[in-house]
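Notes follow the structure.
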Amino acid sequence: MSAPPQVPTEVLGWWADGEQHLGTALGRLTDEDFAAPSLLPGWSRQHLLAHVARNADALVNLLTWARTGVETPMYASPEARDAGIAEAAALAPAELRAEVVAATGRLVQAMRALPADAWSAEVRTAQGRTVPAREVPWMRSREVWVHAVDLAAGLDFADVPGDVLAALADDVFRMWDRRDQVPDVAVFAGDREWGTGSLAVAGSLPDVVGWLTGRSDGAGLQADGPLPTPAAWL
Ligand code: ZN
């Protein structure tokens, strides 16, 4: 697609690669694997894939909002969100695979169709945050990269590019900062550093991001004391 103005090319690349990565994860699963648990507590893989599909449609809603100025929330209500996910999760595996692809295609189309000035229009996320529409490619990037890990298809954070991992860590800290939930830590990975707290935590970027995003208990990390349980990210 031609690059929309205001969206960094880097982010568009992360998004495209992330969709492909999720497709790789999906390709590793047999239909029989769909009903088994994902790495997200209480969610089967089919539930997670249904969420990934509905998330694409929810982001299309935000782009519609940006384009028309008519308030079009990601989900009409929390109940509607859950119902939409449950409905898609009940599809046969072949249909659910097709739905994930189709929903992604709808999002690609909506991005292509967005007029240049609409990228700066403000919309509201499901978490109640007001953001310009140009945030949408990153919002989708973080979904597909992290949920490709959550699918338990043999891909983990070590399979995610370093610049995407660093952007995920940035995102987690930004989110905590907004909610005043930054833990009392200073986290080090390679030449990157997050937080200015008293407990030094160090490790590889994949291990750090696994912990920051609540996907691991901190295995592989070194710290001077017990690791706090970080607040939920998304
Ligand atoms: Zn998600």
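The values are calculated or read from the model by the stated rules, or taken from the named source; none is laboratory data. Computed from a predicted structure; not experimentally measured. Neighbour counts are summed over all protein chains in view; Cβ atoms, including those assigned to glycine, are modelled from backbone coordinates with ideal geometry. Heads up: the accessible areas ignore ligands, DNA and RNA and are worked out on the full protein's heavy atoms, side chains in. Shrake-Rupley method; radii C 1.70, N 1.55, O 1.52, S 1.80 Å.
Across the stretch 38-86, the number of residues qualifying as among the β-branched types (Val, Ile, Thr) and more than 25 Å from residue 116 (Cα to Cα) comes to 2.
All of (1) outside the structural domain of residue 104 (by TED's automatic domain parsing); (2) part of a loop (DSSP other than H, G, I, E, B) hold for residue 128 with one exception: (1). Given the conditions (1) surrounded by fewer than 18 Cβ atoms within 10 Å (Cβ to Cβ); (2) under 29 Å from residue 6 (Cα atoms); (3) of a type in the set (Asp, Glu), which single one is not true for residue 82? All conditions are met except number (2). Out of the stretch 21-56, which residues are surrounded by fewer than 19 Cβ atoms within 10 Å (Cβ to Cβ) and part of a helix (DSSP H, G or I)? 23, 24, 27, 31, 32, 33, 35, listed by residue number.
Of all the residues in the stretch 188-208, those that are open to solvent by less than 20 Å² (accessible area, probe 1.4 Å), assigned to a strand (DSSP E or B) and under 15 Å from residue 162 (Cβ atoms) number 2.
When the stretch 216-234 is filtered for residues that are within 16 Å of the ligand (Cβ to nearest atom) and crowded, with 17+ Cβ neighbours inside 10 Å, only 233 remains. Going by the conditions given, is residue 123 among the β-branched types (Val, Ile, Thr), more than 30 Å from residue 29 (Cα to Cα) and more than 16 Å from the ligand (Cβ to nearest atom)? So residue 123 fits the description; yes. Number of residues in the stretch 213-234 that are in contact (Cβ under 8 Å) with a residue 12 or more places away in the chain and among the polar types (S, T, N, Q) equals 2.
Residues in the stretch 69-92 that are more than 21 Å from residue 128 (Cβ to Cβ) and part of a helix (DSSP H, G or I) were compared, and the one that is farthest from the chain's Cα centre (by Cα) is 87. Can you pull out the residues in the stretch 116-127 that are modelled with pLDDT under 95 and closer than 23 Å to residue 53 by Cβ? Matches in the stretch 116-127: 126, 127. State which residue is most open to solvent (accessible area, probe 1.4 Å) when the search covers only the stretch 57-69 and only residues that are away from the ligand (no atom under 14 Å from the Cβ) and not polar (S, T, N, Q). Among those residues, the one meeting the criterion is 67.
A Cβ distance below 6 Å, combined with a sequence gap of six or more or placement on separate chains, defines the contacts here; from the stretch 20-37, residues that are under 24 Å from residue 108 (Cα atoms) reach residues that are part of a helix (DSSP H, G or I) in the pairs 21/148; 22/144; 22/148; 25/148. Screening residue 171 with (1) over 21 Å from residue 148 (Cβ atoms); (2) open to solvent by less than 20 Å² (accessible area, probe 1.4 Å) gives one miss only, at (1). Residue 72 meets all of the listed conditions (1) crowded, with 17+ Cβ neighbours inside 10 Å; (2) on the phi > 0 side of the Ramachandran plot but one, namely (2).
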